[in-house]
Amino acid sequence: MDKPAVLFVCLGNICRSPLAEAAFRDAASRAGLSVETASAGTGRYHLGYPPDPRAQAVARRAGIDISGRKARLVTPADFRRFTHILAMDSANLDDLAALRPADATAELSLLLDHVPGRAGQSVADPYYGPDDGFETTWADVTAGAQALVHRLSPQLK
Ligand code: 4NP
């Protein structure tokens with residue numbers, strides 16, 4: 001199988017999807033799984049901006065530097081370039097389904113669909129909440145990332 005190419009998508013591309021990408025890269029590296037990754041947003045609010053300082057802080061506490069990332073919009077071409085597109089919440093999933101071109105090859109799902117017992121659940125948007133919401137976000141995206149690495153790693157089956 002080709003190397004998985006995995007795109008994580010949220011609304012602003014400054015909180016949840018950069019954290020999900022970071023958690024997934026970390027989990028894949030620990031499992032010895034070679035992957036390509038990126039993240040993107042469905043909204044234009046923060047294009048070109050680095051991740052929210054609260055997201056950078058929670059990643060830094062896990063030993064991961066996401067400060068160099070810049071927010072970008074998801075595009076129809078992403079549905080051909082990536083093998084898997086993971087939406088953080090059901091609104092992102094609806095927006096992605098509407099954007100999906102007829103010749104899409106990427107598999108589209110919610111990140112938490114891959115976590116046993118959490119299918120259909122959203123990673124809550126922490127943007128307007130208190131700082132500790134980012135700890136919950138980190139726990140959720142880490143659970144999703146680990147489950148996804150397990151699914152994509154032939155040697156773990
Ligand atoms: P994200 O968080 O989708 O996890 O990056 C948000 C960032 C910005 C906004 C909403 C959510 N906003 O409304 O500006």
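Using the structure shown, decide if Asp2 is away from the ligand (no atom under 13 Å from the Cβ), part of a loop (DSSP other than H, G, I, E, B) and in contact (Cβ under 8 Å) with a residue 60 or more places away in the chain.
yes
Please state which of the following conditions Ile14 fails to meet, knowing it meets all the rest: (1) aliphatic (A, V, I, L, M); (2) within 10 Å of the ligand (Cβ to nearest atom); (3) touching a strand residue (DSSP E or B) at 6+ places or on another chain (Cβ under 6 Å).
Unmet condition: (3).
Scan the range 49-74 for residues that are out of contact with any strand residue (DSSP E or B) (no Cβ under 8 Å at 6 or more places or on another chain), closer than 28 Å to Lys3 by Cβ and either in a loop (DSSP other than H, G, I, E, B) or of a type outside the set (Gly, Ala, Ser) (or both) and report the count.
13
Condition first: over 21 Å from Pro130 (Cβ atoms), surrounded by 15 or more Cβ atoms within 10 Å (Cβ to Cβ) and in contact (Cβ under 8 Å) with a residue 24 or more places away in the chain. Can you find one or more residues in the range 54-66 that meet it?
There is at least one residue in the range 54-66 that is over 21 Å from Pro130 (Cβ atoms), surrounded by 15 or more Cβ atoms within 10 Å (Cβ to Cβ) and in contact (Cβ under 8 Å) with a residue 24 or more places away in the chain.
Would you point out the residue of the range 75-88, among those that are touching a residue at least 60 places away in the same chain (Cβ under 8 Å), assigned to a loop (DSSP other than H, G, I, E, B) and not aliphatic (A, V, I, L, M), that is farthest from Leu148 (Cα to Cα)?
Residue satisfying both the conditions and the ranking: Phe82.
Which numbered condition trips up Ala124, out of (1) surrounded by fewer than 17 Cβ atoms within 10 Å (Cβ to Cβ); (2) within 12 Å of the ligand (Cβ to nearest atom); (3) modelled with pLDDT of 95 or more?
Failing condition for Ala124: (3).
May I ask you to verify whether Leu19 is surrounded by 20 or more Cβ atoms within 10 Å (Cβ to Cβ) and either free of Cβ contacts under 8 Å to residues at least 24 places away in the same chain or not in a helix (DSSP H, G or I) (or both)?
no
For the range 127-157, enumerate the residues that are within 15 Å of the ligand (Cβ to nearest atom), assigned to a loop (DSSP other than H, G, I, E, B) and out of contact with any Lys or Arg (no Cβ under 7 Å at 6 or more places or on another chain).
Tyr127, Tyr128, Gly129, Pro130
Do we find that Val35 is β-branched (Val, Ile, Thr), at pLDDT 95 or above and away from the ligand (no atom under 14 Å from the Cβ) in this structure?
Spelling it out, Val35 is indeed β-branched (Val, Ile, Thr), at pLDDT 95 or above and away from the ligand (no atom under 14 Å from the Cβ).
Just one of Leu73, Leu108 is surrounded by fewer than 22 Cβ atoms within 10 Å (Cβ to Cβ) and within 13 Å of the chain's Cα centre (by Cα); which is it?
Leu108
The values are calculated or read from the model by the stated rules, or taken from the named source; none is laboratory data. Values in this document were obtained by computation on a predicted structure and should not be read as measured data. Neighbour counts are summed over all protein chains in view; Cβ atoms, including those assigned to glycine, are modelled from backbone coordinates with ideal geometry.
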